Amino acid sequence: MTHKTIRVGGLTRVEGEGALLVRARAGRITDLQLRIYEPPRFFEALLRGRDFTEPPDITARICGICPVAYQMSACQALEAICGVTVDGPLRDLRLLLYFGEWIESHTLHIYLLHAPDFLGYPSGIAMARDHRPVVERGLALKKAGNELVAAVGGRAIHPVNVRLGGFYRAPTRADLAPVAERLRRARDLALETVSWVAGFDFPPVEHDYRFLALTHPGEYAILSGTPAVSDGTRFPVEDWPAHVVEEQVPHSTALHARLDGSPGYLTGALARYALNSARLSPLAREAAASAGLGPVCRNPYRSIVVRAVEVVHACDEAVRIIDGYTEPDAPAVPVTPRAGVGHGASEAPRGTLYHRYRVDDAGRIAETDIVPPTAQNQARIEEDLRALLEPRLDLPVARLTELSEQAVRNHDPCISCSAHFLDLRLDHG
Amino acid sequence: MDPVVLDSLDPLIGRLRARGYAVVGPTVRDGVIRFAELGSAADLPRGWSDEQEPGRYRLRQGDDLVFGFAASPDSAKRYTQPPRSSLFRWRDGVAEETPVEAPRVALLGVRACDLAAIAVQDRVFLGGRHPDEAYRARREALFLVAVNCAVPSGTCFCASMGTGPRATTGFDLALTELAEPHLFLAEAGSERGGELLAELPHRPAGPADLEAADEVSRTAAARMGRHVDLDGVKERLVEQRESPVWNEIASRCLTCTNCTMVCPTCFCTTVEDATDLAGGGAERVERWDSCFTLGFTELGGAPVRGSGAARYRQWLTHKFSTWVDQFGTYGCIGCGRCITWCPAGIDITEELERLR
Amino acid sequence: MIPTPYRVRSRRPDRADTVTLTLEPVEGACPPFLPGQFTMIYAPGVGEIPISISGHARSGGYLQTIRAVGAVSRALCGVRVGDVVGVRGPYGTHWDLAATAGMDVVVAAGGLGLAPLRPVIRELAAHGARYGRISLIAGTRTPATLLYPRELARWARDFDVLVTVDHPDRAWKGPVGLITKLVDRIVFDPARTCAFVCGPEIMMRATAERLMGRGVPAHRIAVSLERNMKCGIGLCGHCQLGPLFACADGPVLGYDRVAALMEVKQL
Amino acid sequence: MKKLAVWKFASCDGCQLTLLDCEDELLRVAARVEIAYFLEASSSRDPGPFDLSLVEGSITTPEDAERIRHVRRVSKHLVTIGACATAGGVQALRDLSDVKEFLSVVYARPDYISTLERSTPISAHVPVDFELRGCPIDKRQLLEVIGAFLAGRRPVVPAHSVCVECKARGNTCVLVAHGTPCLGPVTQAGCGALCPAFNRGCFGCFGPMETPNAAALKPRPDQKVLQLYGSRSWGQRDA
Ligand SMILES: Cc1cc2nc3c(=O)[nH]c(=O)nc-3n(C[C@H](O)[C@H](O)[C@H](O)COP(=O)(O)OP(=O)(O)OC[C@H]3O[C@@H](n4cnc5c(N)ncnc54)[C@H](O)[C@@H]3O)c2cc1C
Ligand code: SF4
Ligand code: SF4
Ligand code: SF4
């Protein structure tokens, strides 16, 4: 068979809508496109002219799975312009909120989207028919994450409590105490999750990934940090535009990013782990070790284990923060607008999320630039696919399709996030 | 038992708690005096006062009084008729009554107007052919410690409704806070109130104490922020059913229901039927509703009172006219809550004046 | 306010969208009712609505005629024999037949208004001698929506029965148009006549006004108020019409008490 | 077993995620309803027909305009979930020109009103059986709507103001007590008066309530109101 076309109309068990098109001829892949066909929503255009206090609420709407990531990157970029730092208990609250999102998002991916690949089910719900206690454990863990987001942010999706400088209302110790109780239980569930996923059967694949993630001297970077690359490069977030350049590719409504001139780098769980595993909480480090993870993991299939370890870390750190929480004097530090450009980056569950704003002295937004993780990973995911498919082109198309979807899912792409940044109209001609 | 003088409220709170009551009274929260459970007298908002005007409430530093403020958005209604309560569950052809939640609550700091409101609700829920037993249970679980108003607000008009500022009936205990020296004159209004009082450290009230308490109420009555002329109001509102004033009010009214929600006598509810998607049973829940919502009067797919004017007319006319036909009393006790907590600042006393 | 479980003993489709159910308590007997009273019927998990009692079944159960117009009525129309529904009541005021003895009686029904009037008509048919001249007038949208056609034919043997429709079909030979026209065609002595009127609000008003035009005093015209009800016992506030609660003061009321109220728009 | 489908158009995924966020109910719901088509959660692609379709997102491309017609054809009941599907969403601050009172409350920028001209709600394309509001939708309301459609009753989703829930919840009114602009009085309930509970004014993510009188809520010129949701009908509805 010389010609072969693999077409996946709508990728399943990923967030947002994407498709895959692979063309092969004579044993060689001639064309491989991870197509993000989700329509653009023009957020960057939409923000132009709006008040500088609004991006946390507006950009949250880019993604229902990781709204907190958007809120945090936006806040930090804008606070940088205004010369405001948020620390102490307010920073702790931000971390809590973020950990909640990590627990929720990772657990969703682990149990409902990714694990069914390893156990051979079309969905987590179908998997529950044979593995009910396992799926129930996943749901309980996910719920603990959502409860944490809701306790700090008001609700699990698009939290309402975030503002520049902090929060509208700071939760009391009494508000958080019951959440800590549940998180302690969740931490046990997270540990069980690590040993569960560690037992999956992983294809022995290793890729020589170039990783990008935030790093932080005192913590496993999530809320803030310095972008670092596995080749040793490290640059302040203000220099992001000099290092990461987005370009348009014809087959996608998302932009592809190049890092220092070349495409195909990876951000997300594997990258964070590779660059920061030493900063995981001791319990998470232990869990990683017992799951057989070394300091770096280059097997994309095993990203499920890394995510599980990150959930342990999130639960563990959240408990520690709540136990030491003191109520802040005020729910937010005052923020007054001034003209300038600000950069902010944080680690969304799927990878580094960068925001840049230019604001005039009346506090109006003149320019916005948002680089979401999946746009950065898209080229690299395509490379993974190429490596996976080319040696196997004689397999039946159905099997190839299945394999491709799995390979995409390894990276937990969030297509809703990636699709919304194009300032161009689609040509549907 | 004759009136006595108390130095501190802690023994009172302690005794009530010992009898199994959750003591609920005024505290400061979110810049407003709100009812919340009290641990001790230290939780009371000593030194705080309020400014109230149509659509505006601000807390401010006041005299060194524990009760130096007027009505708060909370009233006894939350306890006599909670915002939501389950009525029954239904499963496989069997109705199972939801046990009534009637926690023992001592409300400390209710005002004369609040007591009048409870009396109005008693008529509504217990006075008819089909008394509401859940209301009765919750009502009977309340222990009422009234406080006579010293500092009425800009939206108060209980004096003209004849319901305050001094509590005369309907309480277990009534306190009057005296400033110099700082004391509480306490009177019992029920047998159990008297028994409790006897257990507290106290001394008998002297004529000077009694006179000081009278003076508190006299001054309060004179400082009422608002006034309603009740003369002929019942008939007048009926005559004014077609008045253009209703339309004018409707142009300002948000039909947001805040007035009815904060009103201590407004009793309208609706029910919600829910099926348990996961389990299969059904439940019926009663919740606060309001004559300002469209669903409230839906008939054949359309609301009977479709216009804001008709809904405002229903509310005001009910309060001051048809309520009298139905229950032999006004539906308003002059607490001013609906005026303060209306986001549009609509003032019923002013509207009544315009509807002359 | 807890419904009592009642079993559906029989279900008779009347018209395309209307059924008559016979309901009996799962345990015990039906409480007595007076013509014109209603019960609150609960379709489990769907909702509870006021439905008039349209008669006594021989077994002692309530007959209740329901038209499917919305979720709850549709659910109730769709029950099967043997199903259990919830019932509260009977509630409300009744058509006062006792005060009518010896007088001429006019019964006027619009649409489904025939259901609450049926116990009255049955009584009139059974004991016609106790009353003076009896007339039944009814209006309905089309011949196909006319309730109880066979009973109407039977009643027509005992007294005057006139039916008008808004939209006739080819077979229809009777009157067409508003029921008020029928008021002019029946014979009664206004000075000693009682009228029972039930139907949509405009129909009741128009009929009552026409009867008054012919000399029947307002207080001897009884109408039945229909309003949204949730509790049925005067506690929830929904069914107010000015000073009245339709559930507790009504539904059956003298026209003298409601005439002025019905004139006010959106009251 | 009745079949449920979940569809996505231009949106953030948050509303369909709400279904997966029903952690306590998900498996029991799945035991009573077959979740037959739900790309985000399952690889099985049932072609339908479906008893109930939940549709997320707005229509922004000709392909999607075609696809929603297909969805309608294979669905007995079609319920839109969320602000995007119901009103065009954040990406659709459009149609504001004909609701002048509302414009006075919001400060929308004309430049992007025209940018987003093409984001239209589902109901602009096909008949919709029920529109569930919210950005995102509320979990309890979602379960209520699914339950109601499967039980054949009217969903208990009141159209009155947020203030009703705000008072029931026992919040302090931020508008009256703090002078914070709050769209609660003109916004439909459903969220449980979340923002006021967190000391902030409502910014209207459930869209207009049944009879919004936005003119009566004009904030002072110096007050900022975050207004994310334009809508077809934020003007005074005639009753
Ligand atoms: C005292 C009294 C006696 C009565 N006796 C009888 C009787 O004997 N027989 C009888 O059949 N009826 C009787 N009724 C009327 C009956 O109570 C109503 O038909 C019933 O309440 C309708 O309830 P439902 O849930 O079926 O309809 P609802 O869902 O409440 O809807 C009623 C109407 O609204 C429309 N509607 C439904 N959903 C919506 C929506 N989402 N938005 C807008 N409109 C909608 C429906 O099409 C219908 O026209 C009586 C009423 C009263 C007050
Ligand atoms: S109508 Fe207003 S003043 Fe009167 S009792 Fe109710 S809230 Fe108080
Ligand atoms: S805070 Fe807003 S929603 Fe709540 S009562 Fe006040 S105006 Fe209404
Ligand atoms: S209060 Fe308003 S903005 Fe906040 S969640 Fe509710 S509807 Fe949305």
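Here, each number is a calculation from the coordinates, and none is a lab measurement. Owing to the predicted nature of the structure, the values given are computational and were not obtained by experimental measurement. So basically every Cβ, Gly included, is an ideal-geometry build from the backbone, and we count neighbours across all protein chains shown.
Quick notes on this one:
- Distance between modelled label sites at C:Arg150 and A:Phe235, nm, 7 Å Cα→Cβ extension: 9.0 nm
- Here's the thing: no aspartates and glutamates lie within a cross-link span of C:Lys173, going by alpha-carbon distance under 15 Å and ignoring same-chain residues fewer than 8 apart.
- Flagged links, alpha-carbon separation over 30 Å, of C:Lys181/C:Lys265; B:Lys77/C:Lys230; C:Lys230/D:Lys139; A:Lys142/D:Lys2; C:Lys230/D:Lys3: C:Lys230/D:Lys3
- Subtracting the Cα-Cα distance of C:Arg15 and C:Ala191 from 0.36 nm times their residue separation leaves 59.6 nm of extension gain.
- Peptide C:73-85 has a mean of 1 when you count, residue by residue, the C-beta atoms of other protein chains within 10 Å of its C-beta.
- The peptide list D:136-144, D:178-186, B:109-117, A:294-302, put in order of mean Cβ contacts within 10 Å with the highest first, becomes B:109-117, D:178-186, D:136-144, A:294-302.
- The overall shape of the stretch C:4-91, judged from the alpha-carbon gyration tensor, is rounded, with an a/c ratio under 1.5.
- Computing FRET efficiency as 1/(1 + (r/R0)^6) for A:Ala242 and A:Leu21, where r is the C-beta to C-beta distance and R0 is 25 Å, gives about 0.15.
- The distance between label points at B:Glu215 and C:Thr142 comes to 8.4 nm (points 7 Å beyond Cα on the Cα→Cβ vector).
- Additional length obtainable on full extension of the chain from D:Met1 to D:Asp129, 0.36 nm per residue less Cα span: 44.0 nm
- Taking a Cβ cut-off of under 14 Å around A:Pro282, the surrounding Lys, Arg, Asp and Glu residues balance to a net charge of 0, with basic ones at +1 and acidic ones at -1.
- Between the amide H of B:Arg29 and those of B:Arg34, distances stay under 5 Å, these residues lying 5 or more places away or on another chain, with hydrogens modeled in the peptide plane.
- Judged by the mean number of other Cβ atoms found within 10 Å, the most tightly packed of the peptides C:169-175, A:192-198 leads the ranking A:192-198, C:169-175.
- The equivalent ellipsoid of chain C has semi-axes of 28, 21, 18 Å, largest first, where each one is the square root of 5 times an eigenvalue of the Cα gyration tensor.
- For the stretch C:197-215, the residues whose amide N sits under 14 Å from a probe point set 7 Å from the Cα of C:Ala259 along the beta carbon direction are C:205-215.
- Packing order of peptides C:193-206, D:65-78, highest average first: C:193-206, D:65-78 (average count of other Cβ atoms within 10 Å over each peptide's residues).
- Overall shape of the stretch B:30-76 was characterised from the C-alpha gyration tensor. The equivalent ellipsoid obtained from it has semi-axes of 18, 14, 8 Å, in decreasing order.
- Label-point separation, B:Thr169 to A:Ala177 (7 Å along Cα→Cβ), nm: 4.5 nm
- Charge tally around C:Met103: other residues with Cβ under 12 Å, Lys/Arg +1 each, Asp/Glu -1 each, net +1.
- Helical contribution to [θ] at 222 nm, DSSP H n ≥ 4, -39,500 (n - 2.57), averaged over the protein assembly as shown, rounded to 500: -9500 deg cm²/dmol
- Convex hull projection area averaged over all views, the stretch B:233-355, Cα basis, nm²: 9.2 nm²
- Unpartnered cysteines - no second Cys beta carbon under 4.7 Å - across chain C: C:Cys30, C:Cys77, C:Cys194, C:Cys198, C:Cys239, C:Cys247
- Those GluC sites (Glu not before Pro) in the stretch B:99-147 that DSSP places in a loop and that have at most 12 other beta carbons within 10 Å: B:Glu101
- For the stretch C:45-81, trypsin sites (Lys or Arg not before Pro) meeting the loop criterion (DSSP other than H, G, I, E, B) and having at most 12 other Cβ atoms within 10 Å: C:Arg58, C:Arg80.
- Take the Cα of A:Val296, go 7 Å toward its beta carbon, and the backbone nitrogen atoms of the stretch A:220-234 under 17 Å from that spot belong to A:228-234.
- Averaged over peptide B:261-274, the number of partner chain Cβ atoms lying within 10 Å of each residue's Cβ comes to 5.
- Surrounding net charge for C:His238, when Lys and Arg each add one and Asp and Glu each subtract one, Cβ distance under 14 Å: -2
- Both radii were evaluated on the Cα set of the protein assembly as shown; the Rg over Rh quotient, with Rh as the Kirkwood radius, amounts to 1.01.
- Cβ neighbours within 10 Å from other chains - mean over B:52-59: 3
- Net length available on complete extension from B:Asp2 to B:Asp276 is 93.0 nm, with 0.36 nm assigned per residue and the Cα-Cα distance removed.
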